[in-house]
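Trainee: If you scroll down you'll find the structure; I have some questions about it.
The values are calculated or read from the model by the stated rules, or taken from the named source; none is laboratory data. A quick note: this is a predicted structure, and the numbers were derived from the prediction, not measured. Methodologically, a virtual Cβ is constructed for each residue, glycine included, from the backbone with ideal geometry; neighbour enumeration extends over all protein chains shown. In case anyone asks, the SASA skips ligands and DNA or RNA and just uses the protein heavy atoms, side chains included. Shrake-Rupley method; radii C 1.70, N 1.55, O 1.52, S 1.80 Å.
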Amino acid sequence: MTSRGFLWRLLAAIALLVGVAVGLNVWMDLYGLFRNAAGRSLKVYGEERNCKYLFTYRYLPENFDALMLGSSVSENIPVDRLAGLRTYNLSLSGGVMTEAAKLGTNALQRGHFKVLLLSLHRYMLESAEEKTNFMVPERYWGAFGSMQLYTASFAYLLDRAGIRRSPFDEYGVQLYGLATPTTQSEIVRDAAAFHSGQSGRWSFKINPRAYHALEELIHAAHEHNVPFVAFTPPMPTILQEATAKRLADFDSAVAAAFGPQDVFIEFNRPEYRFLSDDFANFREGAHLSDPGARKLAGELDTLLRGILARRGAAAAELAAPAR
Amino acid sequence: MQLNSFPYIFLFLPISIAGFFLAQRISVSLAKGWLLLSALVFYATQSPKYLPLLLGSILLNFFVSRAFRNAPDSRRVLLTGIIGNLVILCVFKYAHFLVDNCNLLLGTHFHIPAMSFPAGVSFFTIQQIMYLVDRSEGLVDHLNLFDHAIFVAFFPYVLMGPIVRAGQVMPQLAKSFAARWNTENASRAVFIFLIGLFKKVVLADTFGRWANLGFGYPDRLAFLDAWLAAIAFAFQLYFDFSGYCDMAVGSALLINVQLPQNFDAPFRAQGIIEFWRRWHITLTDFITTYLYTPMVRSFRKLTFWKAMMATLLAMTIAGLWHGAAWTYVVFGLLHGAALVLNNYVRRRKKVPSPLVSRIATGLFLIFAFVVFRAPDLARAGSILHSMVLPARLFDPSPYDVIDSTDRIVGAAWMLFGVVISVAGPSSTDLQTRFTPNRRMLAFATVTALFAILYMNSMVSLGFVYRDF
């Protein structure tokens, strides 16, 4: 083989094999990017952040009416039919506000959503540090062929073969297992004892960059005329009491970010004791058990219906003279 | 734009090489101009605000080199040139280190504003010091400004070496301006570039991810985690820097310039003396020729222990050259002490068996690289403590964030990396053995596919030596 032949053959072999791989990946289209995504049902496979970020390009705008952003605390809330809207749960395990804002603004730029929900646990504002560098526009190219894609493809094949199911459903909801109720109360009490002291891990500090990301997300929702509904998820009552002052300060600091048209629901107020009093609603100090998540979804459903009805009525009132 | 990025491989490199050969058909001056322009554009993509610094350094050394022509006392000119270069290094690399230590020692409160690091400053500065020394000894001719600028800013090595001497590279460049595109060199260049790319994006970055996680929690590491982090960093550094050097060699070979190899299977060394003959070979050349030899020559009567003192001092300076921190000074000192010990053992003719030598060398390197990588000496001490006197055997927490599939893939690559660096062929071997045949074609294709896949996976870390 001549050197010239070697070079041409090498270039041709690389081009051919890359072309075949890219063609196969485009045909599989695990992230709903390369063809009409409407009507498709895609699950999260492999790296969660990479997958949910790429869903915000086409899959979510073409299939869903509403989105919920948040951290792992809201990841198991079954949002599929909140207030009759097809809702996707974009919460991330260990997700912080900077990441949620990226997902939210990217989706808002590409679709017409009827509502944007934000589950605002104090953890999301404590730090602005993103867990990966996957939520950037360059990741779009990764959908043509990357390690993340092949990890996802492998997980997809295992799921299809029934060997290992994806931990997410088609609404982005993480399917956690439920701890047994007997040990649950002890775990929650332990968490409360740990976090109640000043040395406890829950600082309720607000990172300025994370707060700025929250403001940007709210601004994006206003810009796209999408109703913005934020809520602080319920904590066990004993934990609320142990951190009452810090929790109140946190809630009032966060509330200052919202405009008059936004809705902010604090599930740690006394009227929601029916959620926070019951240990069975929690996995530990922060995360909700599956029954707890279902109860919170029910409550959100009722509240959201009321909010949307009021907005609908107000919009109709405004539109009436024009007709 | 790094050497392992899509813009460099698919845009910058083809355009600069094609432009060079097209310009060469018109005139040599145009080809030189094109090459210099490419080099400056490349540097500007890395460190745009320090482009004037690079140009200033080139001008300074050009004028010092010209001053040798008519100077009756070449030593004074050389000293002026060396001081000028050291001032540049001190201002842009060591200023914070010097001020912080001065404040600590004297209780002063001097403050200098934070500034970013000029890419490649350590490399292009010592390369020009070497040039001035060679000029003072009449080993190289004065280069005109155009040639001098090309010699310093040539894009394959301006950021991280290999550190070359003017006498090595300028005659080749002069020939290259007259030579045509050489397909034989080009196929070899592409082959060696692909090996380097694979080393960097697949192996070094995989090791790097594990090393970063471990070194991110220096106070919390259990025994096995500490060893994993330390070993991962040693191999990260090797694949990272040798990968870069292979890519630099490949890039330069496309225009028929053969740069020196910087690595020759260093983890096969049976002693620290041998290690430094195989690791960062061009730096070793600089230390030996331009630091150690002048020191030794300055002694009236040379004894073994005086030579060892010179070794220790030269290695400490080499350690400090890597970065402005006490960890690098201690790293240099450790290697200096190990060289002294190695020389002493050889002198006494009590050399242990090859296996024992290899294991002892490997263990020393792993420990020394912990000091090199740790953010400060205290945290280096914490990790070393966990490696030697562990409180716990294993605690998976630092590595929890790695997905289970990634763990399996990562572990497989790391095992592969360890095996080939200890027992496989080196880049030099592969380059020497290269002949265009089907086996090499298959090897190069697979290497390229993995490299492209990893490049598009956004897991790439910056080059470790970029900050030196």
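Trainee: It is to be established whether one or more residues within the stretch A:277-294 are hydrophobic (A, V, I, L, M, F, W, C), modelled with pLDDT under 85, open to solvent by less than 20 Å² (accessible area, probe 1.4 Å) and not in a helix (DSSP H, G or I).
Mentor: Yes - at least one qualifying residue is present in the stretch A:277-294.
Trainee: Pick out, from the stretch B:404-468, the helices (runs of 4 or more DSSP H) lying fully within it that include 3 or more residues that are under 26 Å from B:VAL158 (Cα atoms) and at pLDDT 85 or above.
Mentor: B:427-433, B:438-455
Trainee: Taking the criterion of being more than 28 Å from B:PRO375 (Cβ to Cβ), under 21 Å from the mean Cα position of the chain (by Cα) and among the β-branched types (Val, Ile, Thr), would at least one residue in the stretch B:108-130 satisfy it?
Mentor: Checked against the condition, which is being more than 28 Å from B:PRO375 (Cβ to Cβ), under 21 Å from the mean Cα position of the chain (by Cα) and among the β-branched types (Val, Ile, Thr), the stretch B:108-130 yields at least one hit.
Trainee: So, in the stretch B:101-121, how many residues would count as being surrounded by 13 or more Cβ atoms within 10 Å (Cβ to Cβ), of a type in the set (Val, Ile, Thr) and more than 30 Å from B:PRO156 (Cα to Cα)?
Mentor: Total meeting the criteria: 0.
Trainee: Just to verify a result, which residue in the stretch B:380-403, among those that are open to solvent by 50 Å² or more (accessible area, probe 1.4 Å) and closer than 28 Å to B:VAL201 by Cα, is farthest from the other protein chains (Cβ to nearest Cβ)?
Mentor: Ranking the qualifying residues of the stretch B:380-403, first place goes to B:PRO396.
Trainee: Still on this structure, please answer the following. For the stretch A:238-265, which residues satisfy the criterion of being among the acidic types (Asp, Glu) and either in a loop (DSSP other than H, G, I, E, B) or buried (at least 19 other Cβ atoms within 10 Å of the Cβ) (or both)?
Mentor: Matches in the stretch A:238-265: A:ASP262 only.
Trainee: Then there is this: Is one or more of the residues making up the stretch B:444-463 on the phi > 0 side of the Ramachandran plot and not charged (D, E, K, R)?
Mentor: yes
Trainee: Cβ-Cβ under 7 Å, sequence separation 6+ or interchain: first residue in the stretch A:114-141 and within 14 Å of chain B (Cβ to nearest Cβ), partner modelled with pLDDT under 85. Which pairs?
Mentor: As it stands, the answer is A:ASN133/B:MET458; A:PHE134/B:MET458; A:GLU138/B:MET458; A:ARG139/B:MET458, since those pairs meet every condition given.
Trainee: Please verify whether A:ASP301 is on the phi < 0 side of the Ramachandran plot, free of Cβ contacts under 8 Å to residues at least 24 places away in the same chain, open to solvent by less than 50 Å² (accessible area, probe 1.4 Å) and outside any loop (DSSP other than H, G, I, E, B), treating the condition exactly as stated.
Mentor: So A:ASP301 does not fit the description; no.
Trainee: From the list A:LEU42, A:LEU54, pick out the single residue that is among the hydrophobic types (A, V, I, L, M, F, W, C), in contact with a Lys or Arg (Cβ under 7 Å, 6 or more places away or on another chain) and in contact (Cβ under 8 Å) with a residue 12 or more places away in the chain.
Mentor: A:LEU54
Trainee: Which condition number does B:ALA448 fail, the rest of (1) more than 9 Å from every other protein chain (Cβ to nearest Cβ); (2) in contact with a helix residue (DSSP H, G or I) (Cβ under 9 Å, 6 or more places away or on another chain) being met?
Mentor: (1)
Trainee: I'm trying to understand the selection: among the residues of the stretch B:451-462, which are more than 8 Å from chain A (Cβ to nearest Cβ) and in contact with a helix residue (DSSP H, G or I) (Cβ under 8 Å, 6 or more places away or on another chain)?
Mentor: B:ALA451, B:MET455, B:SER460, B:LEU461
Trainee: So, B:ASP406, is that one within 14 Å of another protein chain (Cβ to nearest Cβ) and crowded, with 17+ Cβ neighbours inside 10 Å or not?
Mentor: Against the criterion (within 14 Å of another protein chain (Cβ to nearest Cβ) and crowded, with 17+ Cβ neighbours inside 10 Å), B:ASP406 qualifies.
Trainee: Do we find that A:LEU157 is open to solvent by less than 10 Å² (accessible area, probe 1.4 Å), out of contact with any helix residue (DSSP H, G or I) (no Cβ under 6 Å at 6 or more places or on another chain), part of a helix (DSSP H, G or I) and farther than 23 Å from A:PHE231 by Cβ in this structure?
Mentor: no
Trainee: Moving on to the next point. Mind listing whichever residues of the stretch B:155-183 are open to solvent by less than 10 Å² (accessible area, probe 1.4 Å) and small (Gly, Ala, Ser)?
Mentor: Once the filter is applied, which keeps residues that are open to solvent by less than 10 Å² (accessible area, probe 1.4 Å) and small (Gly, Ala, Ser), the stretch B:155-183 yields B:GLY161, B:ALA166, B:SER176.
Trainee: Taking the stated definitions as given, is B:ALA368 open to solvent by less than 60 Å² (accessible area, probe 1.4 Å), in contact with a His (Cβ under 7 Å, 6 or more places away or on another chain) and not in a loop (DSSP other than H, G, I, E, B)?
Mentor: For B:ALA368, the condition - open to solvent by less than 60 Å² (accessible area, probe 1.4 Å), in contact with a His (Cβ under 7 Å, 6 or more places away or on another chain) and not in a loop (DSSP other than H, G, I, E, B) - is met.
Trainee: Name the residues in the stretch B:374-393 that are of a type in the set (Asp, Glu) and within 12 Å of B:GLY214 (Cα to Cα), would you?
Mentor: Passing the criteria: none in range.
Trainee: To continue, here is another question. Of all residues in the stretch A:240-283, which are free of Cβ contacts under 8 Å to residues at least 12 places away in the same chain and touching a strand residue (DSSP E or B) at 6+ places or on another chain (Cβ under 8 Å)?
Mentor: A:ALA255 - this is the single residue of the stretch A:240-283 that is free of Cβ contacts under 8 Å to residues at least 12 places away in the same chain and touching a strand residue (DSSP E or B) at 6+ places or on another chain (Cβ under 8 Å).
Trainee: Looking at the stretch B:119-131, I want the residues that are of a type in the set (A, V, I, L, M) and have a partner that is not in a helix (DSSP H, G or I) with Cβ atoms under 7 Å, at least 6 apart or on another chain. Which pairs are those?
Mentor: Listed pairs, sorted by first residue: B:ALA119/B:SER47; B:ALA119/B:LEU159; B:ILE126/B:ILE163; B:MET130/B:ARG165.
Trainee: Step by step: first the residues of the stretch A:1-33, then only those that are open to solvent by 60 Å² or more (accessible area, probe 1.4 Å) and in a loop (DSSP other than H, G, I, E, B), then the one that is farthest from the other protein chains (Cβ to nearest Cβ). Which residue is that?
Mentor: This residue is A:THR2.
Trainee: In the stretch B:412-436, how many residues are within 10 Å of chain A (Cβ to nearest Cβ) and open to solvent by less than 50 Å² (accessible area, probe 1.4 Å)?
Mentor: 2
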